[in-house]
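All remarks here apply to the structure that follows.
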Amino acid sequence: MSLDGEILVTGVSSGLGKTVTEQFPSCIALNRENRNEVISMCRNKSLKAIIHCAFNSSNEINDHYKYLDDNILLTNDLLDLKYDKFVYISSIGVYMDDCNYKTFKLLSESLVKSKSENNLILRSSAILGKNMRYNSLLKILKENNLKLTLSKNSVFNYVLQNDIIDFIKYSISEDITGTFNFTSSDNISLGEVESYFNKNVIFGDFFYETPSLSNEKLIDLFNQADRTSMEVINKFLDIIDD
């Protein structure tokens, strides 16, 4: 399966979705504002792939229908289009404590599996790359005299946007399907990051723990992603310093 053909990308206003559109410059880009127009237009198309990055991850749900519509109903509308491959960007949050985020990610995954025969689901850890949110890691790397609410023992797992996008391209060209933990080979604490980069951070008491997960299934197919979290951080710094 080649990369020729039209590709629809969602969640294009920021983060991974925005970077995907930069690497697929001729793609069809869907956001909240043009959603209905784009889906209507695509009903008459046969797409090479749909890369579904959009997700409403609001912690507080004030409008329950909007949360349902942004996540489940949008995913269902996309699945009703014609396409060769459906790529869904999920999260390792599906392995963590019960919450709305976990529930709706799992519901979306179930929809994808039930309605798409040729699907790729990527359960990603924290993603580093262009257009990313200004998170705790970036604050540690860029700021001095930093105060955080997170404790120094908080544990994260980091992966590169570019590795995810390269694997998506590879999966389309080689017709790879299935569900993958897109994670690095180890987790890292914020205290380890602080020490490695010789920073002086005042940490708080809130403890966040990323589960330790195997990425062997991914690495067996895509050795490019065989990195530690610290290797990912250093690679990320090389990218943003270019």
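Measuring nothing but protein heavy atoms, the accessible surface of the chain at 1.4 Å probe radius is 43 percent carbon and sulfur.
Placing +1 on the Cβ of every Lys and Arg and -1 on the Cβ of every Asp and Glu, with no other charges, gives the chain a dipole of roughly 380 debye about its Cα centre. Ligands, DNA and RNA excluded, the heavy atoms of Leu68 present near 60 Å² of accessible surface to a 1.4 Å solvent probe.
In straight-distance terms, cross-link reach from Lys85 covers every one of the aspartates and glutamates whose alpha-carbon lies under 18 Å from its own, apart from those fewer than eight places away in the same chain; here that gives Asp4, Glu6, Asp77, Glu109, Glu117, Asp166, Glu174, Asp175. The accessible-area ordering, largest first, of the residues Val12, Val112 stands as Val12, Val112, per a 1.4 angstrom probe. Heavy atoms of the protein chains alone define the surface here; on that basis region 186-242 has 62 Å² accessible area per residue at 1.4 Å probe size. Listed by chain and number, the lysines whose alpha-carbon sits under 28 Å from that of Lys199, ignoring those within fewer than 8 places in the same chain, are Lys130, Lys139, Lys142, Lys147, Lys152, Lys235. Charged neighbours of Pro211, selected by a Cβ distance under 15 Å, balance to -1 (K, R count +1; D, E count -1). The distance between label points at Asn62 and Leu221 comes to 4.1 nm (points 7 Å beyond Cα on the Cα→Cβ vector). Couplings 3J(HN,Hα) for region 213-224, derived from phi with the Karplus relation 6.51 cos²θ - 1.76 cosθ + 1.60 (θ = phi - 60°), are 10, 7, 10, 4, 4, 5, 5, 4, 9, 9, 5, 4 Hz, where x marks Gly and Pro. For the chain, what does the helix formula give at 222 nm: sum of -39500 (n - 2.57) over DSSP H segments with n ≥ 4, over the residue count, nearest 500 deg cm²/dmol? Value at 222 nm, helices only, nearest 500: -10500 deg cm²/dmol. In terms of the Cα gyration tensor, with a ≥ b ≥ c the square roots of its eigenvalues, is region 51-177 rounded because a/c is under 1.5, prolate because a/b exceeds b/c, or oblate? Note, shape of region 51-177 comes out oblate. Per residue, region 1-90 exposes an accessible area of 49 Å² to a 1.4 Å probe, with every protein chain left in place. In this structure, the amide hydrogen of Val155, modeled 1.01 Å from its nitrogen in the peptide plane, lies closer than 5 angstrom to those of Tyr208, Glu209, Thr210, counting only residues at least 5 positions away or on a different chain.
The values are calculated or read from the model by the stated rules, or taken from the named source; none is laboratory data. Nothing here was measured: the structure is a model prediction, and the numbers come from that model. Backbone-built Cβ (ideal geometry, glycine too); neighbour counts: all protein chains shown. Accessible surface is based on the protein model in full, side chains and every heavy atom, while ligands, DNA and RNA are left aside. Shrake-Rupley method; radii C 1.70, N 1.55, O 1.52, S 1.80 Å.
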